[in-house]
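The values are calculated or read from the model by the stated rules, or taken from the named source; none is laboratory data. If you're wondering where the values come from, they're calculated on a predicted model, not measured in any experiment. Virtual Cβ from ideal backbone geometry, glycine too; neighbours counted across all protein chains shown. For the accessible areas, the whole protein counts, side chains as well, though only heavy atoms, and no ligand, DNA or RNA atoms are used. Shrake-Rupley method; radii C 1.70, N 1.55, O 1.52, S 1.80 Å.
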Amino acid sequence: MFETTVTMDQFIQSMIDTFYMVGFSLVIGSIIGIPLGILLVVTRPGGIIESKLFYKIMNPIVNIFRSLPFIILLVAIIPFTRLIVHTSIGTPAAIVPLIIYIAPFIARVVENSILEVDDGIIEAAESMGATPFQTIWYFLIPEALGSLILSLTTATIGLLGATAMAGAVGGGGIGDLAISYGYQRFDSFIMLVTVVVLIVFVQVMQSFGNWLAAKVRRE
Amino acid sequence: MIEMKHISKTYTRKGVETEALHQVNLKVNEGDIYGVIGYSGAGKSTLIRMINFLEKPTSGQVFINGIDLGSYSTSQLRDARKNIGMIFQHFNLLNSKTIFQNVAIPLVLSKVNKTQIKDRVLELLDFVGLADKAESYPNELSGGQKQRIGIARALASNPSVLLCDEATSALDPQTTDSILNLLKKINEEYNITILIITHEMSIIQKVCNRVAVMENGEIIEEGNVLDVFGSPQQTSTKKFVQTVIHDEIPASVKNKIKDVPNSRLFKVPFDQNDTNPIVNDLIRTFNITVNIVFASINEIKDDTIGYLVLQLIGEKDLLEKAAGYLSHPEIGAKELAK
Ligand SMILES: Nc1ncnc2c1ncn2[C@@H]1O[C@H](COP(=O)(O)OP(=O)(O)OP(=O)(O)O)[C@@H](O)[C@H]1O
Ligand SMILES: [Mg+2]
């Protein structure tokens, strides 16, 4: 039962790979996705810096990327990946599609969080003579913060799921371990360990996200 | 001074046009507490939002202290708005920030330094009577307290005008009164011009010196509060006035007096400055019986409007003479049907 062909080093390496993939693509994805999500709110018709051009172009682009399942995106953009990281296999090769997958996702959830802010808040900001940037920085983001944290938690958990598929390009990580050892080599022990690790990881992430959101909302 | 000239506003939504304002002219003088009353959908909010250009007119001009808001660039307009405070029906405070931070926001936006912000915010919280709530959050406050914070925030940048859109509509009558008293205090102590939007005549009655009545996007009547309450011209205005001034004889009283023979009814206005001894004159000069059947006195801001309904009983020609006396402009009585 407790026999396995996977060494401790391999296991630790796959954990590191997973954290690396999730962490890196979350950071870069947020750097792209958060501003994009905010821009989708403020440029929409009736928004504080309404821009038909930007909105009409970016909105469908986000939709297009959002409609591709990760496993398809992963292989579809291999030429692009190769252009960026000069390789199409390994952990770095997985990060490019992960970012392209998660950034539009983050943009969308950020957009939804910001849209939840009461119009009255924007009206108050305008009546005080706030610039669009000030309205975003001092009004929209603080008021949406709790919701933004929960959105990013969801994005992180989604990323974790996507990294499991990164095995398809030899991306490594804990999901890869489960498939190449647990599934293909019938190593049920490592399968079990992986499942438990994933469950714990998701639980911890979600609880942390909930706790942080509740804290900023002072619930 | 606020002046609106020929303001019209048409909204287009999904191809459907709504004319929210039609050829509105309005003048609010410095130091006024100006009330705008009207039923839901009359265009009141649209009107008040024109004054800080949150909504731009389709045609017409808005002048603040003689300068046309339409001539401002975007950044000039932002600066102009700092001179016009606004409070809202639902307060619109930031729930994520403390009371102190909420009141400080307009100053933070203007990049005022921290020590000055602190002094100003504490002064304002003190002024609205909530100095002890600085570190609380909005959801720990009652509606009345939230509105006080809204007021403190609106005053932070030292505006010369304060706009109030249904600022007391979410509050109970007692809290409403305390907010109205605060507005009066602001008007008197800081000489801030206040514009109040409401659908309750009692609010106009308590604090305003001038009033405009809106209906279907137009101002149908406008004037000094005492004049409008004393002699409303339009049907809607009369209805609004009747919600606070009871100048109709109650039905029960009417029933009791309707069958008295040789009698006529007169409604006589009176105020504190009245020196005519009307009742005395009627009895002595015309030798008739005078019966007071109904009276009402109403406070309007710092004045009163009162009515007396007199039933005169006597011989026909004596009553006729008495009627002549009462219709004298100085007395201004009106005969009522029995
Ligand atoms: N942004 C908008 N788009 C389209 N129509 C609007 C808009 N704002 C107001 N209207 C319309 O303009 C008219 C006047 O609305 P407004 O909000 O000024 O009325 P109001 O007198 O403030 O009413 P209430 O007492 O209910 O607040 C209404 O018919 C309303 O439907
Ligand atoms: Mg309104």
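Just counting partner chain Cβ atoms within 10 Å, what average do the residues of peptide B:86-97 show around their Cβ? Working shown, then result.
Working: counts 5, 2, 4, 1, 4, 2, 10, 3, 9, 7, 12, 4.
Mean partner shielding for this stretch: 5.
Of the listed peptides B:215-225, A:148-158, what is their order by residue-averaged count of other C-beta atoms within 10 Å, with the highest listed first? Intermediate results must be reported in sequence, preceding the final value.
Values: B:215-225: 18.1, A:148-158: 21.1.
Answer by packing, highest mean first, reads A:148-158, B:215-225.
Evaluate peptide A:115-124: per residue, the Cβ atoms of other protein chains within 10 Å of its Cβ; return the mean as an integer.
Numbers: counts 0, 0, 2, 4, 1, 6, 5, 1, 7, 14.
Mean inter-chain Cβ contacts per residue within 10 Å come to 4.
Please tell me the relative contact order of chain B in percent, rounded to the nearest whole number, where contacts are Cα pairs under 8 Å and at least six residues apart. Can you show the working numbers first?
Values: 604 pairs, mean separation 59.7, N = 338.
Dividing the mean separation by the residue count of chain B yields 18 percent.
How high is the FRET efficiency from B:S231 to B:I292, r the C-beta distance, R0 30 Å, rounded to 0.05?
Details: r = 22 Å, r/R0 = 0.74.
E(calc), rounded to 0.05, equals 0.85.
I need the semi-axes of the equivalent ellipsoid of the range B:106-162: take the C-alpha gyration tensor, multiply each eigenvalue by 5, square-root it, list largest first in whole angstrom. Walk me through the intermediate numbers first.
Numbers: eigenvalues 72, 36, 20 Å².
Rounded to whole Å, the semi-axes are 19, 13, 10.
Through the Karplus equation 6.51 cos²θ - 1.76 cosθ + 1.60, θ set to phi - 60°, convert the phi angles of the range A:79-85 into ³J(HN,Hα) values in whole Hz; use x for Gly and Pro.
x, 5, 4, 4, 4, 7, 10
Using every alpha carbon pair in the range A:1-78, what percent of pairs falls into each 5 Å bin from 0 up to the bin containing the largest distance?
3, 12, 13, 16, 15, 11, 9, 7, 5, 4, 3, 2, 1
Taking a ≥ b ≥ c as the square roots of the eigenvalues of the Cα gyration tensor of the range B:150-282, is the shape rounded (a/c under 1.5), prolate (a/b larger than b/c) or oblate? The partial results should precede the final answer.
Working: a/c = 2.51, a/b = 2.16, b/c = 1.16.
Prolate is the answer for the range B:150-282, as a/c is 1.5 or above and a/b outweighs b/c.
What number comes out for the charge environment of B:R120, summing +1 per Lys or Arg and -1 per Asp or Glu over other residues with Cβ under 14 Å away? Before the final figure, lay out each step's value.
Details: positive: B:K82, B:K111, B:K114, B:K118, B:R153; negative: B:D119, B:E123, B:D126.
Counting the neighbours of B:R120, the net charge comes to +2.
For the protein assembly as shown, compute Rh as the Kirkwood radius over C-alpha pairs and then the Stokes-Einstein diffusion coefficient at 37 °C and 0.692 mPa s; write the answer in µm²/s, rounded to an integer.
Values: Rh = 29.0 Å.
Rounded, D is 113 µm²/s.
What are the residues whose amide H is under 5 Å from the amide H of B:V36, where those residues sit 5 or more places off or on another chain and H is modelled from the backbone?
Residues meeting the amide H criterion: B:I196, B:I197, B:T198, B:A212.
Evaluate the distance, in nm, between pseudo-label points positioned 7 Å from the Cα of B:T115 and of A:T87 along their respective Cα→Cβ axes.
Calculated label separation equals 5.8 nm.
For the range A:57-96, what is Rg from Cα atoms divided by 2.2 N^0.38 Å, rounded to two decimals? Present the calculation step by step, with values, prior to reporting the outcome.
Working: Rg = 11.4 Å, N = 40, 2.2 N^0.38 = 8.9 Å.
Ratio of Cα Rg to 2.2 N^0.38 Å: 1.27.
Rounded, prolate or oblate: pick one for the range B:251-336, where a ≥ b ≥ c are the square roots of the eigenvalues of its C-alpha gyration tensor, a/c under 1.5 means rounded, and failing that, prolate if a/b is larger than b/c, else oblate.
Oblate.
Work out the P(r) tail for the range A:93-208: percent of alpha carbon pairs separated by more than 21 Å, whole number. Walk me through the numbers before you get to the answer.
Details: 3597 of 6670 pairs.
Distances greater than 21 Å cover 54 percent of the Cα pairs.
Using just the alpha carbons, could you tell me how many Å³ per residue the convex hull of the range B:71-120 encloses?
Value for the range B:71-120: 106 Å³ per residue.
What relative contact order, as a whole-number percentage, does the range A:8-218 give when Cα pairs under 8 Å and 6 or more residues apart are counted? Present the calculation step by step, with values, prior to reporting the outcome.
Numbers: 249 pairs, mean separation 56.4, N = 211.
So the answer I get is 27 percent.
Let me confirm one metric for peptide A:126-137, namely the mean number of other chain beta-carbon atoms within 10 Å of its residues' beta-carbons. Each step should come with its number before you reach the end.
Values: counts 8, 16, 18, 14, 8, 4, 1, 0, 4, 1, 0, 1.
Per residue, the number of nearby Cβ atoms from other chains is 6 on average.
If only Cα atoms are counted, what is the Rg of the range B:176-233, and what is its Dmax, in Å?
Gyration radius and largest Cα-Cα distance of the range B:176-233: 12.2, 36 Å.
Regarding chain B, what is the average projected area of its C-alpha convex hull, in nm²?
Values: hull surface 86.6 nm².
In nm², the orientation-averaged hull projection of chain B is 21.7.
Only loop residues by DSSP count here, and only those with at most 14 other Cβ atoms within 10 Å; note down the GluC sites (Glu not before Pro) in the range B:1-83 that meet that. Show your work: numbers first, answer last.
Details: sites: B:E3, B:E17, B:E19, B:E30, B:E55; in loops: B:E30, B:E55.
Listed in order of number, the matching sites are B:E30.
Roughly speaking, to the nearest percent, how much of the range B:251-336's 1.4 Å accessible area is carbon and sulfur? Display every interim value, and only then the final one.
Values: 2600 of 5160 Å².
That fraction is 50 percent.
Once you have a ≥ b ≥ c as the square roots of the Cα gyration tensor eigenvalues for the range B:17-66, tell me rounded if a/c is under 1.5, and otherwise prolate or oblate according to whether a/b is larger than b/c. Display every interim value, and only then the final one.
Values: a/c = 2.08, a/b = 1.27, b/c = 1.63.
Taking the square roots of the gyration eigenvalues as a ≥ b ≥ c, the range B:17-66 is oblate.
Leaving ligands, DNA and RNA out of it, report the carbon-plus-sulfur percent of the accessible area of the range A:8-58 at a 1.4 Å probe. Write down the numbers at each step before the final one.
Numbers: 2140 of 2820 Å².
Answer for the range A:8-58 is 76 percent, counting heavy atoms of protein chains only.
Grab the eigenvalues of the alpha-carbon gyration tensor for the range A:8-218, scale each by 5, take roots, and send me the semi-axes largest first in whole angstrom. The partial results should precede the final answer.
Details: eigenvalues 267, 86, 26 Å².
Over the Cα atoms of the range A:8-218, the ellipsoid semi-axes are 37, 21, 11 Å.
Which value, in Å², gives the accessible area per residue of the protein assembly as shown when a 1.4 Å probe is used on the protein heavy atoms? Walk me through the numbers on the way to the answer.
On the way: 27090 Å² over 557 residues.
Result: 49 Å² per residue.
Checking an interface number: how much accessible area is buried between A and B, summed over both chains, with a 1.4 Å probe, in Å² rounded to 100?
Values: alone 11890 and 17090 Å², together 27090 Å².
Summing both sides, the interface buries roughly 1900 Å².
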